[in-house]
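Shown next, in structure tokens, is the structure this report addresses.
The values are calculated or read from the model by the stated rules, or taken from the named source; none is laboratory data. Just so we're clear, the structure is a prediction, and the values are computed from it rather than from any experiment. Glycine gets a Cβ as well: all are built from the backbone with ideal geometry, and neighbour counts include every protein chain shown.
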Amino acid sequence: MNWIILCVCAALLAAFVHFLYTPKLSDRIVAFDTMGIISIALLVLLSLSTHSALYLDIAFVFGLIGFIGTILFAKYLVARRKDV
């Protein structure tokens, strides 16, 4: 289980590096959403390793917040393109 968590952490680090160094706002939004999804996977793995359902509840709420945030960012990008 430890090597799986290590691989997920490496994916989170790769998404964070992509978030830092990409020039376009839309790419940063996708990278941020990817970091959220990977964090949810990390919470699920933590729940499996500790045998606690609390982390699953936290992952569910985190997923809902991330989904709503992605929708809001997408609406912002669409509104911004209409103004230009």
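Check Pro23 against each of (1) in contact (Cβ under 8 Å) with a residue 12 or more places away in the chain; (2) assigned to a loop (DSSP other than H, G, I, E, B) and name the one condition it does not meet.
Here Pro23 clears every test but (1).
Determine, yes or no, whether Thr50 is polar (S, T, N, Q) and surrounded by fewer than 15 Cβ atoms within 10 Å (Cβ to Cβ).
It is true that Thr50 is polar (S, T, N, Q) and surrounded by fewer than 15 Cβ atoms within 10 Å (Cβ to Cβ).
Which residue, of Phe60, Phe19, is farther than 25 Å from Met1 by Cα and either within 15 Å of the chain's Cα centre (by Cα) or basic (Lys, Arg) (or both)?
Result: Phe19 is the single residue among Phe60, Phe19 that is farther than 25 Å from Met1 by Cα and either within 15 Å of the chain's Cα centre (by Cα) or basic (Lys, Arg) (or both).
Residues in segment 45-59: is at least one modelled with pLDDT of 90 or more, part of a helix (DSSP H, G or I) and acidic (Asp, Glu)?
Checked against the condition, which is being modelled with pLDDT of 90 or more, part of a helix (DSSP H, G or I) and acidic (Asp, Glu), segment 45-59 yields at least one hit.
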